[in-house]
Amino acid sequence: MQMSVNFLKFEKRHWWQSCYAWAVWIEAPLGFGLLLSCRISQAFQLYYIFVKRCLPPIRSYIFLPLILLPWIAGAALMHVKKPLNDRCHMGTQWIIPVVSLHAIYVAILVGFTGAIRHIEFRFDELRDLWQGILVSASSIGVWVAAYILNEIHDDISWLQVVSRFALLVTASILVLSFFSISSSQPLLSQISLRKREPLAFETMGQALGIPNSGLLLPREPAPVIDPNEPLDKLLMNKRFRQSFMSFADSCLAGESVHFYEEVHELGKIPVDDPVRRIYMARHIIDKYITAGATMEVNISHRSRQAILTTSNLAQPNLFNDALNELIQLMKMNLANDYWSSTYFMKFKEEASMRSHELQQMTSWNSPTPRLSSVHGVDDPFHQEQEP
């Protein structure tokens, strides 16, 4: 503001004091263009995952630089043509293309968001996109008005102050609104850290409201475990699965059992609820299937590619082949050692104690025949009996 009324002046001696560093590169490819491109990338992912029901054909780290290329090309062109004067103003022939580029990206975001508006998202992704559209569109309106006034009335000092102040506030609102809303990854296990959502979910199943996800019922009957039974049948029992998972984690090979647990939770979601199934399937793929995942499982290339290139993320048999391969690996590498481990001994002790407690509770709660006699003198409603 002081500089706009010529109260404070300084000579431009360094490249970072140039108008092209701030009004071109920082504003476009590294500013509004980057923030809006992040939103478009998010809407692009959501469109493919929930509307097309398949993984996006282009990864985010490739898609984002691609849609940033027009901004980089435009900034490079302006840097070569040098259309800005000493007050960082450009001619009218440059204003229309610059404003059009901003408006086109908002229109692209509106188009992707409109295509997914019918999806019943669980974690406010659609609302965040509409907020981004509203803020960006209104900011462009304020920015255009202030910029045109700044260009046309170059000789009015108070208008220069007001218009530049409006530009500064608009840029601040944009940065605050876009960076306060998640834009890089819309599908997280920890969905939100906002104050309006105080509940923190330990698993994706709990976040999606899957019944009894991760819970052990206190009065669940003690299972009778026979080591000769198939492992896939034994893993159906929640308590045995938890014990086997603890043993596998101690052997640094627990990702297979964790994968089984997550796929088991996925099976609890009804087939007619594709949105929740897609949430869970995408979570499993990101955590266990993609190359370099945090708990990448050891499955064949054929099974991995069949999952990554599926045309329907909500199909019930998406992970069946991978699950069968991992069960065979667990039989060969973990099962025999588990039966002779302290984890199995502890599991049997807890099962016997639980069985004993349940028997006691059953005996206490079972009705027993009683003989009660109330004498006349003890009866508060005693009346003289007629002979």
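The values are calculated or read from the model by the stated rules, or taken from the named source; none is laboratory data. As the structure is a prediction and not an experimental result, all values here were calculated from the model. No Cβ is skipped: glycine too gets one built from the backbone with ideal geometry, and neighbour counts run over all protein chains shown. Accessible surface areas use protein heavy atoms only, side chains included; no ligands, DNA or RNA. Shrake-Rupley method; radii C 1.70, N 1.55, O 1.52, S 1.80 Å.
General observations
- Residue in segment 64-84 that is touching a Cys at 6+ places or on another chain (Cβ under 9 Å) and closer than 30 Å to W130 by Cβ present: yes
- Positions within segment 282-325 being within 22 Å of I58 (Cβ to Cβ) and of a type in the set (G, A, S), in sequence order: A291, G292, A293, A306, S311, A314
- Pairs with Cβ under 7 Å, 6+ apart, first in segment 341-354 and open to solvent by 30 Å² or more (accessible area, probe 1.4 Å), second at pLDDT 85 or above: Y343/S243; Y343/S246; Y343/F247
- Tabulated pairs, segment 243-266, first within 13 Å of K287 (Cβ to Cβ), second among the small types (G, A, S), C-beta under 6 angstrom, 6+ apart or interchain: G254/A248; E265/G205; E265/S213
- Failed criterion for G132 (all others in (1) touching a residue at least 60 places away in the same chain (Cβ under 8 Å); (2) closer than 29 Å to T92 by Cβ hold): (2)
- Segment 104-128 - residue that is in a helix (DSSP H, G or I), modelled with pLDDT of 85 or more and open to solvent by 40 Å² or more (accessible area, probe 1.4 Å) and, of those, nearest to G205 (Cα to Cα): F112
- Any hit, segment 357-374, residues being assigned to a loop (DSSP other than H, G, I, E, B) and either at pLDDT 90 or above or surrounded by 16 or more Cβ atoms within 10 Å (Cβ to Cβ) (or both): no
- Residues that are of a type in the set (D, E, K, R) and either surrounded by 15 or more Cβ atoms within 10 Å (Cβ to Cβ) or at pLDDT 90 or above (or both) within segment 31-82 comprise R39, K52, R53, listed in sequence order.
- Here segment 135-151 is the region considered, the condition is being touching a residue at least 12 places away in the same chain (Cβ under 8 Å) and of a type in the set (S, T, Y), and the residue that is surrounded by the most Cβ atoms within 10 Å (Cβ to Cβ) is S136.
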